[in-house]
Amino acid sequence: MSHDFLAELGIAEQTSGVYAGGWIAEPGGAVVDSIDPSTGDTIAAVRTGSADDYERVAATATEAFAGWRAETAPARGELIRLLGERLRAKKRALGALVSLEMGKIRAEGEGEVQEMIDICDFAVGLSRQLYGLSLHSERPGHRMYEQWHPLGPIGVITAFNFPVAVWAWNAAIAGVCGDPVIWKPSLKTPLCAIAVQRIADEVFAEAGHAGVSGLIMGEDATVGETMVADPRLPLISATGSCRMGRHVGQRVAARMGRSLLELGGNNALVVLDDADLDLAVRAIVFGAVGTTGQRCTTTRRLLVQKGVAAELTERLQKAYAQVRIGNPLDAETLMGPLIDGDAVDGMMAALETAAKQGGEVLCGGKRVDRPGFFVEPTIVRASADMPIVAEETFAPILYVIEVADVEVAIAANNGVAQGLSSAIFTNDLRCSERWLSAAGSDCGIANVNIGTSGAEIGGAFGGEKDTGGGREAGSDSWKAYMRRQTCTVNWSGQLPLAQGIKFE
Ligand code: NAD
């Protein structure tokens, strides 16, 4: 391990992937390798936890809850402010680690850490704004109001593609709301999780609240299933594939728990004849090629109106030819590798299927001949009724589909099972408003003249249908992390019943 940022993050020698108020030196699960997707080489080996280790983490979080909820929300916010400060100091190093282990380019790695910082800032302000409503009672001499209490320890399951930010979206908001967090990260990005946990430990342990931030790495079938079924966790916040979310959501519902599901997307970008094509080309290339097509908000379907289809496709092919593929840590690189060999195989299989269903590869379509898991960014001419277009292939494949008008575009946008992000490029006010109307895009995110990816943390983030319906980050997403209580105080000296009922 020769990268200086590993030492800066204090993880050069760390092997444990379990933290329960302190690192467990020898957890009882299997050893997993952290792999550099640019080379296929092993960066480090990490020891994961067993179901027994999970028990220690859960017991620690349960105990920590009592002390944490007793702090005032602004006092909790102060620790989240300090967390944001530590992240600022480690932004370069942590961003580089995200690039190394996950494969996104350095600017995106640092951007992901910036998202962590931004959500900490948001949460600090929120810690003084966890408002409840005051209501007018129908009974004289009565006061009614709502208040929000901490919910309890939260289970946070994260995907490999945002290996640090999604923890922060949950941990910062849950933190000010008064909830400890137990994090089960993806086993594809164990070092990122250890590095973040070490930063959290600096803040929470120093303040005497070490148990507020727990970490359990482990197999899905043992540790994951135990966590999802644990009645001590009133909320499971799970980010990942629709397949995982469908399973986890049902398991949590079976024990009357709540789940917050952030699942797969199949995001379309519409370009109408009157659009500014300069803007559209830049948004499409960033949306489809950025993070090597491994964002939940990646642009996967381009729905282009007939009048500009030929010109736009040609311009995209030119832009794709200039995408510099390489090691994500090199400043010149625009597209790094896919996460692993399975992802490369999955992309090649999808392209084969697309060809069988009538798709035509316009550019790219091949593996890149070098070590690691590199592929070419790919454009496929397709039609909306090809079954493969309805699937989320987690790779840089852009399906280009011609549409007659805005109505056909909206129908195609909505014609898939997922409902995360969507965008339209147009300068026509009517088309823009049509897109944003109740009968327009059915996605959780609907943009005009900006692309499908790169959301800001101030808005509520998430999607409908198979994307799971959860909302994280800004706006009033915090409500998912608290329990609502409706309170009525009678100061009248009488006991009038609601609805005018007499019960003498
Ligand atoms: P994945 O579904 O394979 O894994 C996600 C997480 O779920 C991992 O931590 C995994 O270990 C865990 N998991 C799987 N089965 C489990 C079980 N039975 N019990 C408990 N945990 C279990 O997804 P991935 O390949 O890591 O990530 C890519 C997927 O995530 C894509 O579909 C992408 O769209 C989606 N994603 C969605 C969002 C969003 O906010 N909507 C954000 C990022 C990624």
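The values are calculated or read from the model by the stated rules, or taken from the named source; none is laboratory data. Small disclaimer: the values here were computed from a predicted structure and weren't measured. Because the Cβ atoms are built from the backbone with ideal geometry, glycine has one as well, and the counts that use them run over all protein chains shown.
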**OP:** Please list, ordered by first then second residue, the pairs with beta carbon atoms under 6 Å, 6 or more apart or interchain, first in region 227-244 and at positive phi, second part of a loop (DSSP other than H, G, I, E, B) and near the ligand (Cβ under 10 Å from one of its atoms).
**Re:** 240/159
**OP:** Specify the residue that is surrounded by the fewest Cβ atoms within 10 Å (Cβ to Cβ); the eligible residues are those in region 318-349 that are of a type in the set (Asp, Glu) and away from the ligand (no atom under 15 Å from the Cβ).
**Re:** 332
Original post:
Which strands (runs of 3 or more DSSP E) does region 409-504 wholly contain that include 2 or more residues that are among the hydroxyl-bearing types (Ser, Thr, Tyr) and farther than 25 Å from residue 290 by Cα?
Top reply: 482-490
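Per-residue answers, yes or no, for (1) within 20 Å of residue 32 (Cβ to Cβ); (2) among the β-branched types (Val, Ile, Thr); (3) not in a helix (DSSP H, G or I):
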site	(1), (2), (3)
96	no, no, no
132	no, no, yes
147	no, no, yes
179	no, no, yes
183	yes, no, yes
195	yes, no, no
200	no, no, no
Original post:
Restricting the first residue to region 280-298 and requiring it to be basic (Lys, Arg), which pairs with a second residue that is more than 10 Å from the ligand (Cβ to nearest atom) and in a helix (DSSP H, G or I) meet a Cβ separation below 8 Å and a spacing of at least six or different chains?
Top reply: none
**OP:** Output yes when any residue across region 253-276 is assigned to a helix (DSSP H, G or I) and under 21 Å from residue 36 (Cβ atoms), and no when none is.
**Re:** no
Subject >> Residue that is surrounded by fewer than 19 Cβ atoms within 10 Å (Cβ to Cβ), acidic (Asp, Glu) and within 24 Å of residue 151 (Cβ to Cβ), where the choices are 63, 13, 115, 85 >> reply: 63
Original post:
If residue 300 passes every condition in (1) more than 13 Å from the ligand (Cβ to nearest atom); (2) assigned to a strand (DSSP E or B) but one, which one does it miss?
Top reply: (1)
**OP:** Evaluate the following for residue 204: is it more than 16 Å from the chain's Cα centre (by Cα) and aromatic (Phe, Trp, Tyr)?
**Re:** yes
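Yes or no, residue by residue, for (1) part of a helix (DSSP H, G or I); (2) in contact with a strand residue (DSSP E or B) (Cβ under 7 Å, 6 or more places away or on another chain); (3) at pLDDT 95 or above; (4) at positive phi:
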{"residue": "290", "(1), (2), (3), (4)": "yes, no, yes, no"}
{"residue": "304", "(1), (2), (3), (4)": "no, yes, yes, no"}
{"residue": "307", "(1), (2), (3), (4)": "yes, no, yes, no"}
{"residue": "312", "(1), (2), (3), (4)": "yes, yes, yes, no"}
{"residue": "318", "(1), (2), (3), (4)": "yes, no, yes, no"}
{"residue": "323", "(1), (2), (3), (4)": "no, yes, yes, no"}
{"residue": "339", "(1), (2), (3), (4)": "no, no, yes, no"}
{"residue": "343", "(1), (2), (3), (4)": "yes, no, yes, no"}
{"residue": "349", "(1), (2), (3), (4)": "yes, no, yes, no"}
Original post:
residue 239: surrounded by 24 or more Cβ atoms within 10 Å (Cβ to Cβ) and touching a strand residue (DSSP E or B) at 6+ places or on another chain (Cβ under 7 Å), yes or no?
Top reply: yes
Original post:
Mind checking which residues of region 99-120 are touching a residue at least 40 places away in the same chain (Cβ under 8 Å) and charged (D, E, K, R)?
Top reply: 101, 104, 106, 108, 112, 115, 118
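Tell me whether region 389-405 contains one or more residues that are among the β-branched types (Val, Ile, Thr), touching a residue at least 12 places away in the same chain (Cβ under 8 Å), buried (at least 17 other Cβ atoms within 10 Å of the Cβ) and not in a strand (DSSP E or B).
yes
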**OP:** Return a yes/no flag: does region 221-242 have any residue that is outside any loop (DSSP other than H, G, I, E, B), more than 8 Å from the ligand (Cβ to nearest atom), over 20 Å from residue 465 (Cα atoms) and at pLDDT below 95.
**Re:** yes
